[in-house]
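Take a look at the structure set out below.
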Amino acid sequence: MQSKDSKSPELPVPSPNFHAPNNFPPPTHRPTPSPNIPVNNRPSQSIILSPVPQPQRVSVVSPPYHFQAPSKRIHSPDDIRQFHDSESGRNFLGFIVALSESTRGRKISDPCYQSDTVNSIVSILDTLIQWIDDIPPARMASRYGNLSYRIWHAQMVENSDSLMLRFLPEDLHSATVEIVPYFTDSFGNSSRIDYGTGHETNFAAWLYCLAKLGTIKEEDYPAVVVRVFVKYLDLMRKLQLVYCLEPAGSHGVWGLDDYHFLSYIFGSSQLIDHKYLKPKSIHSQDILDNFSNEYLYLSCISFIKKVKKGPFSEHSPLLDDISGVPNWNKVNSGLLKMYKVEVLEKVPIMQHFLFGWLIK
């Protein structure tokens, strides 16, 4: 499914008759989506036709500062368009692309520069993980929504200002009024006891605010992914498993993942130009067992296979389709386009996004 003047899509539009492009050898694994899944729920043609987002440098703010409590501003598709046409909208997405590019070809265990700020953020996330051990789940019969999560969440919110002051320089202490709301909304919703890509996007927005403040610099980007984001993913998986967080706004089987998206973007970038590991390698349990601790993408696939039952092509057909893409570069660029269309341009997700002085 391709327009006459468009290039080969980085991600396939899932189809019961999926085939790899003719100019590449067919993969060993040929995705076979379940025929009883309606095709019209699959990603739209707009993903193929949209341009691949490009990295951008983040401009650091300077005094006088005008920090303010951020608020919700998106209520319609017109508001979405206004944000994406704005400098803030383009720069925020460009920041995510820059993070992705910074980890290209890099394993999680590879040494990288770690600033005091990065180490402090990792320590903060470790603290939040420890609190889960301190607050055991309540005994409940329901599948989702353990009420002990609300205790954990309230403790996180109550301590959020002091957690920020662990790494903010004194002249930026007043920034807590603006950056704390992004932070506290990064770990799920305490009322609904759910978590989804909107909360993950808030974590990215919090990191973007730190970049705007100059506390995270470009030389920190590799560590932001392989140290900070990896630790964030550890925290979120533990929250999901211990407190049974419900997927927020899940697309069902035609979503990429019940909870996450950015981990696939960063993870596919890690694997670009890998000599042996290909997109089809996700179907090898031996590869997952040996490399999921080094590559975010494989880690996500391994986690899904542990928590979901049945054939992979049935419970994760989109990921199954993506495994037929010939190389990781196409997977990465396609996922970036999909993130913009399926997350950052969706009103049900972005209506909860916050805007202040740092993200206008």
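Show me 219-228, 153-162 ranked by packing, highest mean number of other Cβ atoms within 10 Å first.
Final packing ranking: 219-228, 153-162.
Is region 69-136 rounded, prolate or oblate when judged by the Cα gyration tensor, a ≥ b ≥ c being the square roots of its eigenvalues, rounded requiring a/c under 1.5 and prolate requiring a/b larger than b/c?
Since a/c reaches 1.5 but b/c is at least a/b, the shape of region 69-136 is classed as oblate.
What is the packing order of peptides 272-279, 290-297, taking the mean over residues of other C-beta atoms within 10 Å and listing the highest first? Please report the intermediate quantities before stating the final value.
Values: 272-279: 14.2, 290-297: 20.0.
Highest-to-lowest ranking by the protection proxy: 290-297, 272-279.
Cut-off under 23 Å on the C-alpha distance; same-chain residues fewer than 8 positions from K280 excluded. Which lysines are left, in chain and number order?
Those lysines meeting the cut-off are K7, K107, K305, K306, K308, K309, K330, K337.
Using the Cβ atoms and a cut-off under 11 Å, what net charge is assigned to the surroundings of I282, where Lys and Arg are +1 and Asp and Glu are -1?
Details: positive: K278, K280, K305; negative: D320.
Residues near I282 contribute +2 overall.
Dipole of the chain, Cα-centred, from +1 at each Lys and Arg C-beta and -1 at each Asp and Glu C-beta, to the nearest 20 debye?
Numbers: 35 positive and 36 negative charges, 189 e Å.
Around 900 debye, computed over the chain.
On a 0 to 90° scale, report how tilted helix 230-243 is relative to the longest principal axis of the chain, with both axes built from alpha carbons and the result rounded to the nearest 10.
Approximately 90 degrees, to the nearest ten.
Which lysines have a Cα lying under 20 Å from the Cα of K360, excluding residues fewer than 8 positions away in the same chain?
Counting by Cα, and skipping residues close in sequence, K360 has these lysines nearby: K72, K212, K340, K346.
Near W206, within a Cβ-to-Cβ distance under 15 Å, what is the net charge of the other residues, with Lys and Arg +1 and Asp and Glu -1? List each step's numbers first, then the result.
Working: positive: R166, K212, K231; negative: D161, E178, D185, E200, D220.
Net charge in that neighbourhood comes out at -2.
For K217, list the aspartates and glutamates whose Cα falls under 14 Å from its own Cα; do not include residues on the same chain fewer than 8 positions away.
By straight Cα distance, K217 reaches D116.
With N denoting the number of residues in the chain, provide Rg(C-alpha) divided by 2.2 N^0.38 Å, to two decimal places. Intermediate values should be presented prior to the final figure.
Numbers: Rg = 20.0 Å, N = 360, 2.2 N^0.38 = 20.6 Å.
That ratio works out to 0.97.
Relative to the longest principal axis of the chain, what angle (0 to 90°, nearest 10) does the C-alpha long axis of helix 197-213 take?
Rounded to the nearest ten degrees, it is 50.
Every read-out reported here was derived from the displayed coordinates using simple, explicitly stated rules and does not represent laboratory data. Quantities reported herein were computed from a predicted structural model and do not represent experimental measurements. As a convention, Cβ positions derive from the backbone with ideal geometry for all residues, glycine included, and neighbour counts pool all protein chains shown.
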